[in-house]
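To start, the structure itself, in structure tokens.
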Ligand SMILES: [Zn+2]
């Protein structure tokens, strides 16, 4: 597996890093995709060179529903780092996917106040541009919003 390389657009994610490229290609189509083992169908996240259950090495990106449950979260009210100063308060969540709760994705939470959040809250992926004031690039990524 490739090692992460220098990220020229940091704090935007590196969309060209081979193991994660499929994630961002799907997000650009407003789809959430996770590598799925072709042999045993297990979702494998974070991307790995082989399936941890069966050792299969064919792990094509497969669309998933984007539905999940809020596993944990943290709200940042005081920016510790300049690029995020314009975004406070913001909440980063860990979301367990409906298809396999072992798959937990980290992303920003959208369309909710921190006070609304609770464990196991139903959420779904929404696709929004991620941008920072110091960069002229934006990238569509999945955030998670409460399912009401
Ligand atoms: Zn497998």
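A short reminder: the numbers here are calculations on the coordinates, not readings from a lab. For clarity, every value in this text was computed on a predicted model and none was experimentally measured.
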Computed over the range 23-94, the Cα gyration tensor eigenvalues, each multiplied by 5 and square-rooted, give semi-axes in Å (largest first) of 32, 14, 12
In whole percent, what relative contact order does the chain give with Cα contacts below 8 Å and a gap of six or more residues? 21 percent
Can you run the Rg to Rh ratio on the range 101-148? Use alpha carbon positions and the Kirkwood inverse-distance Rh. 1.03
Counting only C-alpha contacts under 8 Å and six or more residues apart, can you give the relative contact order of the range 66-148 as a whole percent? 31 percent
Show me, bin by bin at 10 Å from 0, the whole-percent P(r) of the range 13-64 based on Cα pairs. 29, 52, 19, 0
The orientation-averaged projected area of the Cα convex hull of the range 66-148, in nm², is 5.5 nm²
In square nanometres and to one decimal, what's the mean projected area of the convex hull around the Cα atoms of the chain? 9.2 nm²
As a test, work out the antiparallel percent of DSSP beta bridges whose residues both lie in the range 66-148, rounded to the nearest 5. 95 percent
